[in-house]
Amino acid sequence: MTTGAPIPTYPVSGSDSAPTRPRRSRLRTFLPLGLAAWLVLEIWLLSTVAAATSGFVVFLLLVAGFALGSVVIKRAGRRAFSNLNEALQRGGSPSKGSGNGLMMLGGLLLMIPGLLSDAAGLLLLLPPVQKAIGAYAERKFLAAAAPGSLGDAFQQARIHRPDGKVVQGEVIRDEQKDEQK
């Protein structure tokens, strides 16, 4: 069954008459390879630990990791909800950098079967690691918010006209009028 869409043709090397095939990003190339390597390493590590101890010990480790991860996610979720509730009652925004997101990620990694993911999840539960990763992520993502980008768009106001149209603009305060009041 065909859709009727033309089949794309890619040029032979050296020919500039047709469009060229788009390059794959590094993430699309290396992410599947990284996931496969991680999966093979997890299975190898589980079988090594099972050979050294017993299969029952590995099973208990996996169940304990799942139980601990679910408790961590539940606590972090409750803490995030209570922080949001308190902030809304104060009339402000939730406190920045409370680390609930990284705690939830740590709990999720604990719930994923495997010893490497459990080790990474336990590392994410440590406050110094949370602070370091939070600071790195903040630097990385706030550096991308240059003027004219999506980060700058949040600082712009939307003015609604009576006919329902939205006009983009910036709010400018007249400081002389504010001082006189």
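The values are calculated or read from the model by the stated rules, or taken from the named source; none is laboratory data. Bear in mind the structure is a predicted one, so any value in this text is a computation, not a measurement. So basically every Cβ, Gly included, is an ideal-geometry build from the backbone, and we count neighbours across all protein chains shown. Please note that ligands, DNA and RNA were not included when accessible areas were found on the heavy atoms of the full protein model with its side chains. Shrake-Rupley method; radii C 1.70, N 1.55, O 1.52, S 1.80 Å.
Examine region 85-98 for a residue that is within 17 Å of residue 126 (Cα to Cα), in contact with a helix residue (DSSP H, G or I) (Cβ under 8 Å, 6 or more places away or on another chain) and either at pLDDT below 85 or not in a helix (DSSP H, G or I) (or both), and state whether such a residue exists.
There is at least one residue in region 85-98 that is within 17 Å of residue 126 (Cα to Cα), in contact with a helix residue (DSSP H, G or I) (Cβ under 8 Å, 6 or more places away or on another chain) and either at pLDDT below 85 or not in a helix (DSSP H, G or I) (or both).
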Among the residues of region 56-73, write down those that are touching a residue at least 24 places away in the same chain (Cβ under 8 Å) and closer than 12 Å to residue 107 by Cα. 65, 66, 68, 69, 70, 71, 72, 73
Checked region 54-77 for anything under 26 Å from residue 101 (Cβ atoms), open to solvent by less than 60 Å² (accessible area, probe 1.4 Å) and among the aliphatic types (A, V, I, L, M); matches are 62, 64, 67, 72, 73, 76
In the list 112, 172, which residue meets the criterion of being at pLDDT 65 or above, of a type in the set (A, V, I, L, M, F, W, C) and surrounded by fewer than 10 Cβ atoms within 10 Å (Cβ to Cβ)? 172
Candidates 152, 163, filtered to the one that is surrounded by fewer than 10 Cβ atoms within 10 Å (Cβ to Cβ), out of contact with any helix residue (DSSP H, G or I) (no Cβ under 7 Å at 6 or more places or on another chain) and either modelled with pLDDT under 80 or under 28 Å from residue 39 (Cα atoms) (or both): 163
